[in-house]
Amino acid sequence: GQQVNVENDTEWIKIVTAMFQRRLLFGLEEMEVFHVEVCPIFNGAFGFEKKGKANIGEIRCTRFIANMVPINSYLRAAIGDASTLSASTDWVCIALEHDCTLVWNSDDQKGAFNVWRLPRAWYAFMAFGKSVPGHVLGRPELEKVYLALTVTPRGWVLVVFLFQHIHRRLALLPPTFGSALPPRGEWRRDARRPLQGLSLPAPGGVEHAWWQVYIDDMDAPVIVKTTEVDSHVGTLPSYHRPIRDTYVRTSSPRPCPPHD
């Protein structure tokens, strides 16, 4: 397994306690950790300071980074919904008429990877190799436990597939869980571009719109007459409002910051 890089046990207890209070961790006995033959497979962890300069009276945040290399070597990446991933740079294929403008509406969810909880059966693969007393993770009957992530770490081999799957379900399924966005309006890498037959009524004319999800990002662009651009500033297009409502209804991560 990989090393847990922390200054001392006291700091480790503080980190673990804070994460447990946020329901990000679960305590496992060593026998509950995924084993290969007789060896438990542990992941590593370290801190990484976020970019930027702190203002007066503030300190820079440090990210908790899970090194998932050990367990990734025993798992196979799934494709599934990851086949739909299409970066916004693919939009260079769009040809705008001389009197048209593309208005880009987008959301980037805050803390998205720390919200969706994994099934209990997956905890065995999420363990770190530095134990803590059982009472720290709510298991006082045990002398020591190994912490396991209950959420989806960024470096996990399955995280992109899983999060893309979840986000597309939020967009496509009917309420109350989903937004009922039309499949024909989705921009995706593995399907025809939705630029034809997608006219929707708009103030003063016709707009061409589509939507796409890219992991924790949601894009809902519209092509409008240049003369109508001002009427779209500060408003949500037809495909954007339903998924915003779904984020609220399902207690999903909120966009940070919202930008239209």
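Estimated at the nearest 10 Å², the accessible area of residue 214 is 80 Å² with a 1.4 Å probe. Compute the angle between helix 9-21 and the longest alpha-carbon principal axis of the chain, please, reported from 0 to 90 degrees and rounded to the nearest 10. Helix 9-21 and the main axis of the chain meet at about 50 degrees.
For segment 75-170, what number results from the quotient of the Cα radius of gyration and 2.2 N^0.38 Å?
On the way: Rg = 20.2 Å, N = 96, 2.2 N^0.38 = 12.5 Å.
Cα-based Rg divided by the globular estimate yields 1.62.
What relative contact order, as a whole-number percentage, does segment 60-159 give when Cα pairs under 8 Å and 6 or more residues apart are counted? Here the relative contact order equals 35 percent. The charge dipole of the chain, taken about the Cα centre with unit charges on the Cβ atoms of Lys, Arg (+1) and Asp, Glu (-1), comes to about 260 debye, rounded to the nearest 20.
Seen against the Cα atoms of the chain and their longest principal axis, helix 240-249 is set at about 30 degrees.
Which percent of the Cα-Cα distances in the chain go past 24 Å? Can you show the working numbers first?
Working: 19326 of 33670 pairs.
More than 24 Å apart: 57 percent of the Cα pairs in the chain.
On full extension, the segment bounded by residue 135 and residue 21 gains 39.8 nm, given 0.36 nm per residue less the C-alpha separation.
So how do 41, 79 rank on accessible area, 1.4 Å probe, biggest first, that is with the largest at the start?
Ranked list, largest accessible area first: 79, 41.
Sorted by average packing, counted as other Cβ atoms within 10 angstrom per residue and highest first, what order do 86-95, 179-188, 11-20 take? Walk me through the intermediate numbers first.
Numbers: 86-95: 11.5, 179-188: 17.5, 11-20: 15.9.
For the peptides 86-95, 179-188, 11-20, the packing ranking is 179-188, 11-20, 86-95.
How far, in degrees from 0 to 90, does helix 159-172 lean away from the longest principal axis of the Cα atoms of the chain, to the nearest 10? Around 40 degrees separate the two axes.
Among the protein heavy atoms, those of residue 167 account for about 0 Å² of accessible surface (1.4 Å probe, every chain in place). With both labels modelled 7 Å from their Cα along Cα-to-Cβ, the residue 225 to residue 30 distance reads 7.4 nm. When only alpha carbons are used to place a centre, segment 33-98 and segment 212-251 end up 25 Å from one another.
The values are calculated or read from the model by the stated rules, or taken from the named source; none is laboratory data. Note that the coordinates shown come from a computational prediction; the quantities given were computed from them, not determined experimentally. Cβ atoms come from the backbone with ideal geometry, glycine included; neighbour counts cover every protein chain shown. The area values use the complete protein model at the heavy-atom level, side chains included, leaving out ligands, DNA and RNA. Shrake-Rupley method; radii C 1.70, N 1.55, O 1.52, S 1.80 Å.
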